[in-house]
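The values are calculated or read from the model by the stated rules, or taken from the named source; none is laboratory data. All of these numbers come straight from a predicted model, not from anything done at the bench. Counting neighbours? That spans all protein chains shown, and the Cβs are built from the backbone with ideal geometry, glycine included. Keep in mind that these areas ignore ligands, DNA and RNA; they rest on the heavy atoms of the full protein, side chains included. Shrake-Rupley method; radii C 1.70, N 1.55, O 1.52, S 1.80 Å.
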Amino acid sequence: MSTAEETAGGELQPWAEVTPDAARRLLVAAVEAFAERGYHATTTRDIAGRAGMSPAALYIHYKTKEELLHRISRIGHEKALDILRTAGAREGSPAERLADAVSSFVRWHAGGRTTARVVQYELDSLGADARAEIMGLRRQVDAEVRAIIADGVAAGDFDVPDVPGTTLAVLSLCIDVARWFNVNGPRTPEMVGSLYADLVLRMVGSRPLAQK
């Protein structure tokens with residue numbers, strides 16, 4: 001399955017927000033190259049070749065290799081943030097919202113694992129200004145999950161003595177799915193999402209939803 005065809009929660013991620021088509025093709029090629037070889041080992045010639053273009057054509061759309069990584073990281077983090085904001089804003093108990101947030105976040109990391117690996121693990125390859133912007137998005141991601149957990153504690157539904165630390169643990173658990181998930185393995189992204197939602201509810205001291 002190519003990066004352009006990867007799914008997240010059953011939805012295609014064709015990078016449709018990236019235009020024109022040549023810019024999108026280069027971005028998809030960069031994701032595949034960065035995931036396979038790492039950012040520093042990838043050259044602009046590698047990226048252009050994967051996209052079926054000349055190296056000179058890349059510079060029409062992206063001034064540097066870092067600009068490509070920055071755009072990939074920004075779009076990826078914005079998508080992840082939107083997933084968590086949607087779950088946090090839904091009606092329901094804190095347990096229902098946390099389960100939705102975790103299952104959706106995990107599905108995104110499993111279904112779009114190639115993109116997610118680049119988004120989550122190449123942060124230190126960015127320059128200072130770009131890294132600061134992405135760190136700001138990461139703080140917002142953290143805040144969304146932390147707010148749901150804090151709501152559960154305030155309602156007496158969760159038993160969590162350290163909300164920030166538990167938030168970090170939950171996010172780390174979800175993000176790591178991108179590292180190990182195998183599309184040819186026995187579990188689908190939906191199955192992993194359901195499993196992790198159950199595990200996280202147990203982590204915060206809440207019974208799984210099916211038992212309530």
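Brief remarks follow.
- Residue among A154, A150 that is out of contact with any Asp or Glu (no Cβ under 9 Å at 6 or more places or on another chain), of a type in the set (A, V, I, L, M) and loosely packed, with under 14 Cβ neighbours inside 10 Å: A154
- Scanning the stretch 13-35 for residues that are of a type in the set (V, I, T) and assigned to a helix (DSSP H, G or I), we see that the one that is least open to solvent (accessible area, probe 1.4 Å) is V31.
- Taking the criterion of being of a type in the set (S, T, N, Q) and part of a helix (DSSP H, G or I), the residues of the stretch 44-94 that qualify are T44, S73, T86.
- Whichever residue in the stretch 1-12 is open to solvent by 70 Å² or more (accessible area, probe 1.4 Å) and touching a helix residue (DSSP H, G or I) at 6+ places or on another chain (Cβ under 9 Å) and, among such residues, is modelled with the lowest pLDDT: E11
- You will find that of A87, A143, A130, A101, the residue that is surrounded by fewer than 23 Cβ atoms within 10 Å (Cβ to Cβ), without any contact (Cβ under 8 Å) to a residue 60 or more places away in the chain and not hydroxyl-bearing (S, T, Y) is A143 and no other.
- The set of residues in the stretch 162-181 being under 14 Å from A116 (Cβ atoms) and either buried (at least 19 other Cβ atoms within 10 Å of the Cβ) or of a type outside the set (D, E, K, R) (or both) consists of L171, S172, L173, C174, I175, V177, A178, W180, F181.
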